[in-house]
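A short worksheet on the structure shown next.
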Amino acid sequence: MSAEKKTRAGRLLITGATGGMGRVCAQLAAAAGYDLVLADLSAEKLETIAAGCAQHGADIQCHTLDVTRPDSIAALTQTLLPEREAGKGLDALIHTVGVSPQMASWDRIIDIDLVGTAAFLEAAFPTLNAGACAVVISSMSAYMAPPNADIERVLAAPLAPGLMDALRAIPGQTIENPGLAYSYAKRALKQYVGDQAANWGSQGKRIVSISPGLIDTEMGRLENDAMENFEAMRSRVALDRLGKPEDIANTALFLLSDKAAYITGCDLLVDGGFVGTLNREMRQRAGS
């Protein structure tokens with residue numbers, strides 16, 4: 001029964017596999033019968049995650065990955081491409097790599113959360129079998145950045161040469177705030193997913209993003225603790241609780257499944273109703 005289950009689930013690459021969301025994605029995917037390719041910065045931490053997943057009978061590979069380094073991306077994809085040619089391609093991808101405002105400078109955030117992510121997805125595309133789906137982690141912050149046509153125009157081409165210089169040249173230097181850089185990067189990532197849908201669909205592949213809300217992970221707690229208005233933010237969560245990494249992992253596994261076979265090129269908010277509540281408040285203020 002176990003072998004039958006594994007055959008049905010397929011082979012899944014999880015990036016950022018040692019982080020709060022990535023780790024739970026790996027655990028639940030292994031339990032669901034996926035064979036795993038786990039990638040992140042720390043080989044030692046990857047081995048620990050792999051050991052925990054192995055009890056479910058999954059075949060597991062571990063690879064170090066730094067999405068800001070083209071050679072690191074190439075080392076992984078050059079391992080995976082021959083495997084696809086040998087009939088062991090990837091059936092799914094969950095990309096959780098990212099840093100938040102408390103973790104990095106504004107340009108580092110853009111480099112990892114958008115530029116490196118786009119570079120990785122383009123390199124990973126050929127390693128995915130027809131019928132595969134990639135799920136990319138964005139953020140509800142993507143819905144909250146103030147409109148800025150100049151910033152959004154530059155970020156719409158994340159792999160264009162001179163992107164950082166173009167951002168620095170924008171009047172007002174709004175982007176140089178880490179919180180805003182994070183929001184704009186995640187908004188651009190959401191747009192990138194939509195823009196890529198036709199290209200992916202032409203080869204029978206899907207790409208979707210998830211925008212988590214206030215999630216109780218190590219990264220989430222770091223951001224929440226630094227938030228002066230955290231209680232006010234939390235009060236906007238319609239379900240009156242912080243999200244769990246399992247909420248994101250279960251959503252990702254659904255999107256990878258055949259049950260979501262007609263979902264692509266879009267973003268799914270998993271925020272407990274936060275953005276809906278915020279939008280209602282904004283409409284009420286505008287009408288008062």
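I want the local charge near L46. Using Cβ-Cβ distances under 11 Å, sum +1 for each Lys or Arg and -1 for each Asp or Glu among the other residues. It works out to a net charge of -1.
Note on the chain: lysine pairs with Cα distance below 23 Å, sequence gap of 8 or more or different chains, count 16. Rounded to the nearest 20, the Cβ-based charge dipole of the range 35-84 about its Cα centre (Lys and Arg +1, Asp and Glu -1) stands at 80 debye. The slack in the chain from E85 to F230, taken as 0.36 nm per residue of separation less the alpha-carbon distance, amounts to 47.3 nm. The angle separating the long axis of helix 70-85 from the principal Cα axis of greatest extent in the chain is about 40 degrees. If you plug the beta carbon distance of F254 and Q203 into 1/(1 + (r/R0)^6) with R0 = 22 Å, you get a FRET efficiency near 0.50.
Angle, helix 43-54 long axis vs. longest principal axis of the chain, Cα atoms, 0 to 90°, nearest 10? It is inclined by approximately 60 degrees. Shape annotation for the chain: C-alpha extents along the principal axes are 61, 44, 37 Å, from largest to smallest. As I understand it, the value is the acute angle between the Cα axis of helix 178-201 and the longest principal axis of the Cα atoms of the chain; what does it come to in degrees, rounded to 10? Approximately 50 degrees, to the nearest ten.
Would you please classify the overall shape of the range 72-179 from the alpha carbon gyration tensor, given that a ≥ b ≥ c denote the square roots of the eigenvalues, rounded means a/c under 1.5, and beyond that prolate means a/b larger than b/c while oblate covers the rest? Prolate. Distance from the C-alpha centroid of the range 93-143 to that of the range 14-68: 17 Å, rounded to the whole angstrom.
Relative contact order, whole percent, for the range 2-287 stands at 19, derived from Cα pairs under 8 Å and 6 or more residues apart. Taking each DSSP H run with n ≥ 4 as -39500 (n - 2.57) and averaging over every residue of the chain yields -14000 deg cm²/dmol at 222 nm. Taking 0.36 nm per residue of sequence separation and removing the Cα-Cα distance, the E47/M164 pair yields an extension gain of 38.6 nm.
Computed about the Cα centre, the dipole magnitude for the range 180-288 is approximately 420 debye when only Lys and Arg (+1) and Asp and Glu (-1) carry charge, each at its Cβ.
Placing +1 on each Lys and Arg Cβ and -1 on each Asp and Glu Cβ, with no other charges, gives the chain a dipole about its Cα centre of roughly 720 debye.
A Gaussian network model of the chain, with springs between Cα atoms under 10 Å, assigns the largest mean-square fluctuation among G89, G273, G33 to G273.
Values quoted throughout were computed directly from the atomic coordinates according to the rules given, and no laboratory measurement underlies them. It should be emphasised that the depicted structure is a prediction, and the values quoted were computed from it without experimental measurement. Here the Cβ is made from the backbone with ideal geometry for all residues, glycine too, and neighbour counts use every protein chain on show.
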